[in-house]
Amino acid sequence: MSTQRGPQRALHTVLLCALFSYCIADTLPDSAQVIDEKGQTLRVTPLKGLERPWALAFLPDGAMLVTERPGRLRRVNADFTLDPQPVAGVPTVLASAYKGLMDVALHPEFAENGWVYLTYTKRLPGETDANWDELIGPAGTAVLARGRYDGAHTLRDVEELFIADAATSGVSAARIVFGADNKLYMSIGAPSYGLEQGGTNRVGSAHEAQDPASHAGKVLRLNDDASVPADNPFVDEPGYHPEIYALGVRNVTGIVVHPGTAAIWAVEHGPLNGDEINIIQAGRNYGWPLVSYGRAYSGERTGAGSGPILASPSAPGMEDPWLHWSPNIAPGGLAIYTGNRFSSWRGHAFIGGLSATQLHRVELTESGLPLNQQSLLLSLGQRIREVREGPDGLLYLLTDHDRGALLRIEPIEK
């Protein structure tokens, strides 16, 4: 078991649940249900037994690997059953204040080499458990690791490939995807300001998103062994970490390769009324924390410990978002649908909604521009963390709850 402080935290949670009704009730039905959305009838089948699931990857045999934020990697079998035994070999993670085990991805040649890649938060040396689940609690940094999956219950030859220079006590998501060029793209968040700036972090600041000597608030581009590609945009720039591909991102929670253009698309949490989708390009600056269409959580346009620095939502040298939301949906994962099961949704973008408790659909024009939007599955009341299209053409979602679930979404023809 790789969970940090696992037994102590579990006992603490049980006591709180029993004495103070601390736990939120599981409101998701145990059996499949049929939901009518505008123009589409959906069957939603839940698979329960997961704790704060974060990401999933499909295996060649039809099974899946699912990460749980406390530090476990789980196998969901091809028959849509949860293997009760976690996969061994996952490194120890720092699972506090929304940190922990995050993304999972397969090497493009997984069938030959068996490599599975993970991102997670690693505790910094000298950090204690004080203020455990608060943003002033123990600090860590994002790590990329890989191991060879044996097809059952073990990761072997596990190694930490890359340890980011992105220390924070606060929130910092780390997403990964292999591009069409077989390079690995890794996002690292820097959403919050330090205490001295009126923010919430004891360690780490949003200002690092513009600092070329920090990995925080960046999208990195790496070889499959985490070495630096020779054609990275800042590889010869003095003062820049050579891994940096793009900068000025806030907190990416979904990153995918567009199936038509092969461009890297990323969805990120913004400040108040400032969630975004961006198309990530080499050497570009996406503005955080200098500019944003959002504002501080106090409602003020700038500053106040959480808003952008400049009053204008755009500035020279900064990329405007491809799409932004007001109000926020607090996005989870991102998928661009290519299958045949939802024929009327082919080519559309799907985004999980955390605080918005929905699956959000963005219809795209043939030229790739956003058109209509639709909120799906609101009746479930579930925080949607992950969105993936399965090899069977169905949609698979993960719910961000202590009693989390994997949801299989399939169409019902009328």
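Points worth noting:
- Of all residues making up region 347-362, the number that are in a strand (DSSP E or B) and either at pLDDT below 95 or touching a helix residue (DSSP H, G or I) at 6+ places or on another chain (Cβ under 8 Å) (or both): 2
- Evaluation of L161 against (1) closer than 28 Å to P259 by Cβ; (2) in a loop (DSSP other than H, G, I, E, B) (one fails), failing number: (2)
- For N285: the one exception among (1) more than 30 Å from V34 (Cβ to Cβ); (2) surrounded by fewer than 17 Cβ atoms within 10 Å (Cβ to Cβ); (3) in contact (Cβ under 8 Å) with a residue 60 or more places away in the chain: (2)
- Test: residue in region 3-22 that is assigned to a loop (DSSP other than H, G, I, E, B), open to solvent by less than 50 Å² (accessible area, probe 1.4 Å) and at pLDDT below 95: yes
- Flag if A296 is aliphatic (A, V, I, L, M), within 19 Å of A174 (Cα to Cα) and open to solvent by less than 60 Å² (accessible area, probe 1.4 Å): no
- Top-ranked residue in region 394-414 [being more than 24 Å from M102 (Cα to Cα) and not basic (K, R); ranked as surrounded by the fewest Cβ atoms within 10 Å (Cβ to Cβ)]: E413
- Output for region 30-44, where each listed residue is open to solvent by 20 Å² or more (accessible area, probe 1.4 Å), hydrophobic (A, V, I, L, M, F, W, C) and assigned to a strand (DSSP E or B): V34
- Taking residues in region 168-191 that are among the charged types (D, E, K, R), and partners anywhere that are open to solvent by less than 10 Å² (accessible area, probe 1.4 Å), the pairs with Cβ atoms closer than 6 Å and at least 6 places apart or on different chains are R175/D103; R175/S187; R175/V252; R175/I255; K183/P229.
- For region 313-371, a residue qualifies if it is open to solvent by 40 Å² or more (accessible area, probe 1.4 Å), among the small types (G, A, S) and on the phi < 0 side of the Ramachandran plot, and the qualifying residues are S314, S326, S343, S344, S355, S367.
- Pick from region 58-72, criterion surrounded by 21 or more Cβ atoms within 10 Å (Cβ to Cβ) and in contact with a helix residue (DSSP H, G or I) (Cβ under 9 Å, 6 or more places away or on another chain), ranking: farthest from R146 (Cα to Cα): P70
- Boolean, L101 is modelled with pLDDT of 95 or more and surrounded by 23 or more Cβ atoms within 10 Å (Cβ to Cβ): yes
- Counting only strands (runs of 3 or more DSSP E) that sit completely within region 45-147, those holding 2 or more residues that are in contact with a Leu (Cβ under 7 Å, 6 or more places away or on another chain) and over 20 Å from P191 (Cβ atoms) correspond to 53-58, 64-68, 72-76, 115-123.
- Test: residue in region 79-87 that is more than 19 Å from G352 (Cα to Cα), surrounded by 14 or more Cβ atoms within 10 Å (Cβ to Cβ) and modelled with pLDDT under 95: no
The values are calculated or read from the model by the stated rules, or taken from the named source; none is laboratory data. Quick caveat: nothing in here was measured; it's all calculated off a predicted structure. With ideal geometry, Cβ positions are generated from the backbone for all residues, glycine too; neighbour counts draw on all protein chains shown. Accessible surface is based on the protein model in full, side chains and every heavy atom, while ligands, DNA and RNA are left aside. Shrake-Rupley method; radii C 1.70, N 1.55, O 1.52, S 1.80 Å.
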